[in-house]
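Asker: Right, I'll just put the structure down here and ask away after.
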Amino acid sequence: MTAPTRIVPTGTGTGPGTGTGTGTAPVGAPRSSAELIRAERPVLAHNYHPLPVVVARAEGVWVEDVEGRRYLDMLAGYSALNFGHRHPALIEAAHRQLDQLTLTSRAFHNDQLAGFAERLAELTGLDMVLPMNTGAEAVESGIKVARKWAYDVKRVPADQATIVVAGGNFHGRTTTIVGFSDDDTARVGFGPFAPGFRTVPYNDLAALEAAVDETTAAVLIEPIQGEAGVLIPDDGYLTGVRELTRRAGCLFIADEIQSGLGRTGTTLAVDHESVVPDVLLLGKALGGGIVPVSAVVARRDVLGVLGPGQHGSTFGGNPLAAAVGSAVVELLATGEFQRRAAELGAELRSGLAALTGKGVTGFRARGLWAGVDIDPALGTGREISERLLKEGILVKDTHGSTIRLAPPLTITSEELASALHCLERVLA
Ligand SMILES: Cc1ncc(COP(=O)(O)O)c(C=O)c1O
């Protein structure tokens, strides 16, 4: 693997709002972090609550703000940056493709898409690919495919298909998806919602068995629930879901948009139990942190139910996305990132174990991914994230006092140790 080159600080490194900025502003003078944050307020929808840092450049695991302060990125774009910022092989693939062809729409074929689908099918052990752009689109597309399969193959009566989902799920932000979320902030105020979903507790096979019936098209779950705080189900749960869905004659859809592509120390999180779902949803890191790329990957007898005109996306499968996606799959095919995640994951776990009782009340970790519960007496997850920001570490809270650690898989042992050391300092 090519070691990412460290970015070189170029700014003044003075306090927030006091620097002059080093980026080239398209209109007028360069603006400081504080000015840029203020400028967002009247013109951007307030659907996020970002930490007060304005990133201008990044390379590998390091990002730099407009004043030239450097931060270690321990969030990695919610796992969209598994290969780090601007991985040389991915940037090269993107540059090469930018010089050739960027978009055709699927009205025509392009010379990149077949190779991307072949590589992705081979990596996942499945047959066919439906290329999309965002994670939520892949989830929506997976739901459509499952329903079509239920009517065409399972012979569920028209409009009766159901999909069983898990409590605490996070699958994206469309109206259909938030309709089966149990997070009030995500759902309340956005109804009416699509029918056809049943919710059962996560990690509960008996409840799942009771919810599945002859109308069930699919069981849709995250093999590890990321947004819920990196909740890892008991050993045997994924195997149980696989056996149960096979017995019930419905599809197992694994949403690996956050858990997949090396993050947990294997290519997919379901690989920990050697389980092969019928439908796999991928996104985030599939675009290498460069372009939005997502995909529904499935067996031929499942994705084969779609015919011309029944689904599509203007940008889905565009040649730039396919070129970057192919380069991502090539990186994963080496196995090196999965190995790194497993090895450094062991260091992450032992570092967090050492902090348990010293401000950390508990944690769940697999590979380079951890949900860390902080003693609420020390502050909310947000407050801990803000204190870590001041220490030069970027993380984000999930719920309450839980923070999520998900660094690029290119992080070194020393960088990881230094991030854990900062956490220790902040908690002390
Ligand atoms: C498991 C899972 N599914 C779906 C999504 C939605 O992806 P996107 O934000 O690209 O729509 C996310 C995003 O965090 C996710 O974690």
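Asker: Give the relative contact order (percent, whole number) for the chain; include only Cα pairs under 8 Å separated by 6+ residues.
Answerer: 20 percent
Asker: Another question, if that's okay. Rounded to two decimals, what ratio of Rg to Rh does region 315-428 give with C-alpha atoms and a Kirkwood Rh?
Answerer: 1.07
Asker: Using only the alpha-carbon atoms, how far is helix 88-98 inclined from the longest principal axis of the chain? Give it as 0 to 90 degrees, nearest 10.
Answerer: Relative to the chain, helix 88-98 is tipped by roughly 70 degrees.
Asker: What number comes out for accessible area per residue over the chain if the probe is 1.4 Å? Units Å², please.
Answerer: Computed with neighbouring chains in place, this is 44 Å² per residue.
Asker: Another question about this same structure. Which sequence of TYR237, TYR202 reflects their accessible areas, 1.4 Å probe, from the largest down?
Answerer: TYR202, TYR237
Asker: Same structure again: Pull up the DSSP beta bridges for region 97-235 and report the antiparallel fraction as a percent, rounded to 5.
Answerer: Just about 10 percent of them are antiparallel.
Asker: Please go through the residue pairs LYS284/LYS396; LYS358/LYS396; LYS284/LYS390; LYS148/LYS284 and name each one whose alpha carbons sit more than 23 Å apart in this structure.
Answerer: Distance filter (> 23 Å) returns LYS284/LYS390; LYS148/LYS284.
Asker: Okay, moving on. Just to verify a number: what accessible area does SER326 come out at with the full protein assembly present, 1.4 Å probe, Å² rounded to tens?
Answerer: About 10 Å², ignoring ligands and nucleic acids.
Asker: Extending each Cα 7 Å along its Cβ direction at VAL153 and ASP183, get the distance between those two points in nm, one decimal.
Answerer: Reported label-point gap for VAL153 and ASP183 is 3.1 nm.
Asker: Between beta-carbons, use under 11 Å as the cut-off and find the net charge around MET128, counting Lys and Arg +1, Asp and Glu -1.
Answerer: Result for the local shell: -1.
Asker: By how many degrees, 0 to 90 and rounded to 10, does the Cα axis of helix 319-333 deviate from the longest principal axis of the chain?
Answerer: The answer is roughly 90 degrees.
Asker: Going 7 Å from the Cα of HIS49 in the Cα-to-Cβ direction, what parts of region 371-388 have a backbone nitrogen less than 15 Å from that spot?
Answerer: Under cut-off, by backbone N: 379-387.
Asker: Pull out a ≥ b ≥ c, the square roots of the eigenvalues of the alpha-carbon gyration tensor of the chain, then state rounded if a/c is under 1.5, prolate if not and a/b is larger than b/c, and oblate in the remaining case.
Answerer: It is prolate, given that a/c is not under 1.5 and a/b is the larger ratio.
Asker: Using a ≥ b ≥ c from the Cα gyration tensor of region 137-209 (square roots of the eigenvalues), is it rounded, prolate or oblate, where a/c under 1.5 gives rounded and otherwise the larger of a/b and b/c decides, a/b for prolate?
Answerer: Oblate.
Asker: Keeping all protein chains in the complex and leaving out DNA, RNA and ligands, what accessible area do you get for ASP375 with a 1.4 Å probe, in Å² to the nearest 10?
Answerer: 50 Å²
Asker: Using a/c under 1.5 as the rounded threshold, could you call region 291-376 rounded, prolate or oblate? The axes a ≥ b ≥ c are square roots of the C-alpha gyration tensor eigenvalues, and prolate needs a/b larger than b/c, oblate otherwise.
Answerer: Prolate, because a/c is 1.5 or more and a/b exceeds b/c.
Asker: Right, here's the next one. So, with a 1.4 angstrom probe, what is the percent of accessible area on the chain that is carbon and sulfur?
Answerer: On the chain, the fraction of accessible area on carbon and sulfur atoms equals 54 percent.
The values are calculated or read from the model by the stated rules, or taken from the named source; none is laboratory data. Predicted model, so just to flag it, every value in this text is computed and none were measured. Glycine also receives a Cβ, built like all others from the backbone with ideal geometry; neighbour counts cover every protein chain displayed. These accessible areas exclude ligands, DNA and RNA; they are computed on the full protein's heavy atoms, side chains included. Shrake-Rupley method; radii C 1.70, N 1.55, O 1.52, S 1.80 Å.
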